[in-house]
Structures are given as C-alpha cells and as structure tokens.
1. Need a quick list: helices (runs of 4 or more DSSP H) entirely within segment 21-128 having at least 2 residues that are under 24 Å from residue 139 (Cβ atoms).
2. Going through segment 136-159 one residue at a time, which ones are in contact with a helix residue (DSSP H, G or I) (Cβ under 8 Å, 6 or more places away or on another chain), over 14 Å from residue 97 (Cα atoms) and either not in a helix (DSSP H, G or I) or not assigned by TED's automatic domain parsing to the domain that holds residue 89 (or both)?
3. So residue 126 fits all but one of (1) at pLDDT 95 or above; (2) farther than 24 Å from residue 162 by Cβ; (3) buried (at least 18 other Cβ atoms within 10 Å of the Cβ); what number is the exception?
4. Would you mind stating whether residue 177 is modelled with pLDDT of 70 or more and surrounded by 10 or more Cβ atoms within 10 Å (Cβ to Cβ)?
C-alpha cells in the first residue's frame, strides 16, 4: 500500500464542506466511451480503455492510479452484473467517482459529508423532477447501488483517505505570560559554543591593533570635553540658585505660620482672663 504524502508547511488544507448533488449522467463517460467499454471482454481490456480515457496508463507502476483503477473497474463490472444500460452505467460511474473526489479533497474526517453527497447524487437519478433530477434508477436499483457503495467504498473509507490524502502534522506551541521562554538544548549548546572564553577575549584584544588618535581628533575631543564641563558647571549653578530660592520661600512660609499660631494663643489667653 502506498505511503501517504506529507503536507508541506504553508499548504492550504481544505476543511470538510457540504457539496450539492446534481445530475451527472454522461459527464465522465460519454456515449463513445461507453461504446468502447462495452467492447472490452476482460478486466485487462477494461483497464486499458479506462486508462486511455482518464490518462492513467501508468496504473501498473503508479500505486495511487492503480487503486483508483481498481475502483473504476469494479464499478463497471458491478453495473454489468446488474444489467445497467449505458446511461445508467455512466451515471453510476460518475456517482462513485465524484463521491471519491469529495473523500480525498481533505485529509480530515468527512465521512458524513461524503455520504450525504452520495445520497443526494443518487436521489438526483432516482426521482423524476426535471431539471433537478431524473428517474434513471428505480427503487430496487437505488437500494442495490446504496448497498454496494456502502459495503465496498465506505467500508474502506479510511484506507482511501490514507492513500490519497497528505499526512497532516500539528505542531503545538504554548506560551505563558510572564514566564521567560526556555531555550531549546540545541540553542543553548550553540550559544555556549559561540561565547568566547576569557583566554580567547584576551587574545583578541592583543591581536587588535590599538588605534592611534590623530592631533585633529585629540583637539576635537578636548574641545568637546571643555564644552561639556562648562555646561555642567552652569547647570550646577542654576540648580544651586533654585535650591536657595526654594529654601527662602519655605522659611518665609514657616515664619508666617509661626506668627499666626502665636497671635491665636494670645487671643485665647486674653479671652480667658475676661471670663475670670
């Protein structure tokens, strides 16, 4: 059995979805195709004709096409055993083929969506309600087709899914707020290898030639330092003056508060003397 292909990162994966059934007679197998199929007397001849119709001549070497070819051949053989005419065989073949297409369009489980689509397709060919449906199959034939597809295709649904859909792998990363991320062991080893030791740093410092400053660069450096020193001195003076002013204001406020308290005390004492 062929191994499933792995999905490449960033590939858009189709989610399971609903498909609406419609009349599909003569869409995959035309009248000319059915004439050629009726001439096939052996399964090998039938495989050769179907390979030419659907471009699967490599079904003997390509394992996926081989599985799909078996599905197509056994569908035609079942139609022959049931005595279906060309129109019924074409419709039955398209129902199976399109049900399989819905199955393999997504790697996720969609057996319910596939079965609903299959029943809708079958109803479109079992009731007379043109142009939405035609009475191509009677009740017994509808029951027979349902039993066949359920017991053959849907019974091996997961096997078809395994062969024709890519393998999906979920990479889950959890981040906790407020907790630093723990580095991977490989990253820690790489960091340790990248960090040079003290001996290596000393050797690098010795190897690096000391840069000799030019006279112009020295003059520029001294000019910048003197300018910064003068600005710092002015800033200190302004800060000292501002502190002195603040101290004076604070002293005046404290003095005014003290005078107010003393005047209040004298008033209360005089009032007390009058009461006596």
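The values are calculated or read from the model by the stated rules, or taken from the named source; none is laboratory data. Because the structure is a prediction, the values reported are computed rather than measured. We place every Cβ from the backbone using ideal geometry, glycine too, and count neighbours over all the protein chains shown.
1. Result: 63-81, 86-103, 111-124.
2. 136, 137
3. (1)
4. So residue 177 does not fit the description; no.
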